1. Does any residue of segment 331-338 turn out to be surrounded by 15 or more Cβ atoms within 10 Å (Cβ to Cβ), modelled with pLDDT under 75 and part of a helix (DSSP H, G or I)?
2. Take segment 236-247 and flag every residue that is within 18 Å of residue 172 (Cα to Cα), more than 28 Å from the chain's Cα centre (by Cα) and in a loop (DSSP other than H, G, I, E, B).
3. Go through (1) more than 17 Å from the chain's Cα centre (by Cα); (2) at pLDDT below 90; (3) on the phi < 0 side of the Ramachandran plot one by one and return the number of the condition residue 233 breaks.
4. Quick check on residue 230: is it part of a loop (DSSP other than H, G, I, E, B) and within 23 Å of residue 110 (Cα to Cα)?
5. Determine whether residue 220 is more than 22 Å from residue 111 (Cα to Cα) and assigned to a helix (DSSP H, G or I).
6. What's the number of the condition residue 250 fails, among (1) in a helix (DSSP H, G or I); (2) over 21 Å from the mean Cα position of the chain (by Cα); (3) at pLDDT 85 or above?
7. Given the criterion at pLDDT below 85, touching a helix residue (DSSP H, G or I) at 6+ places or on another chain (Cβ under 9 Å) and not in a loop (DSSP other than H, G, I, E, B), identify the matching residue among 201, 215.
8. Take the residues of segment 270-305 that are surrounded by fewer than 21 Cβ atoms within 10 Å (Cβ to Cβ), part of a helix (DSSP H, G or I) and within 21 Å of the chain's Cα centre (by Cα): which is modelled with the highest pLDDT?
């Protein structure tokens, strides 16, 4: 009996210790992610300043002023240069660029909705919640870079709070990325088939682009062929890919049909910001602007340069030499303000409020330590 009593007493002592250990781990986990969210906010604010600084320092005279002044002086110089560049754009250009931005971000939210439908987890998650999550995701990933990590972190926090597992969030992130890639291949294929000469001016940047219209048009058809094969796979109901216990289901035709609309809509909206910010006398067809955007934005993403700074300018100036460089820079500045900077500014309070609410929940779940007698 004594031995049994000691065993029971020992078990009673171990259980509170184990509970305390698990409680400490949970407490650390609950406070870790809000800390990561706050760090992302601080990093984003810092990145925001340096992004604007790099934009306006293209002018040598402005670059000298920035080198000689302090932080607050740099802020004033940046504000002055931005105001001068943006003053020449007509009001209707801003209005149409704003509408294009709304179209682009609405389509990005549709990416998440499509992925949730594919996972059959759309019930109980409102489109407003999805739109806010998507907005913050892309506002951070477009500016910070490393979109899979930065965007995945936001989606993980948001969708696990709605009951999704880590594996489901991983599939959601992957499908959203694929939807963007699918739309890029689809539209780029159409542009290369319709305007194959768009690539030839890029020969000034690299001899690899110094090819004729025939190979370029052939490459465009190859991209469209890939999109067709992907659609045929959905039509034929290809079986799931199983890796151990993990199962990756091939998207069905209703999902693919939505991707055919959502992905081009987002890219057309984003390119529309630049198109409407260009001067009316630039005579740049929308297909050329769209092609330049697809090529430059894709190159910026591959280089992991936040916002594609420098990459987009080089591609646009090469493809549209008839447009004054100052007008190209102004149009791209409007695009970054509408598509990158303003969403980043608006997303920071959302991140703070979400992490504050999560921190409040974590604090309420902290239980007083168990007493051992």
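The values are calculated or read from the model by the stated rules, or taken from the named source; none is laboratory data. These figures come from a predicted structure and were not determined experimentally. Every residue, glycine among them, receives a Cβ derived from its backbone with ideal geometry; neighbour counts consider all protein chains shown.
1. Going residue by residue through segment 331-338, those that are surrounded by 15 or more Cβ atoms within 10 Å (Cβ to Cβ) are 331-338.
When the remaining residues are screened for being modelled with pLDDT under 75, the result is none.
No, there is no match, as no residue in segment 331-338 is surrounded by 15 or more Cβ atoms within 10 Å (Cβ to Cβ), modelled with pLDDT under 75 and part of a helix (DSSP H, G or I).
2. 245
3. Unmet for residue 233, out of (1) more than 17 Å from the chain's Cα centre (by Cα); (2) at pLDDT below 90; (3) on the phi < 0 side of the Ramachandran plot: (2).
4. When the stated conditions are applied, residue 230 does not pass them.
5. Numbers: more than 22 Å from residue 111 (Cα to Cα): yes; assigned to a helix (DSSP H, G or I): yes.
Yes; evaluated as a whole, the condition is true for this residue.
6. (1)
7. Numbers: 215 fails: at pLDDT below 85.
Checking each option against the conditions leaves just 201.
8. 298
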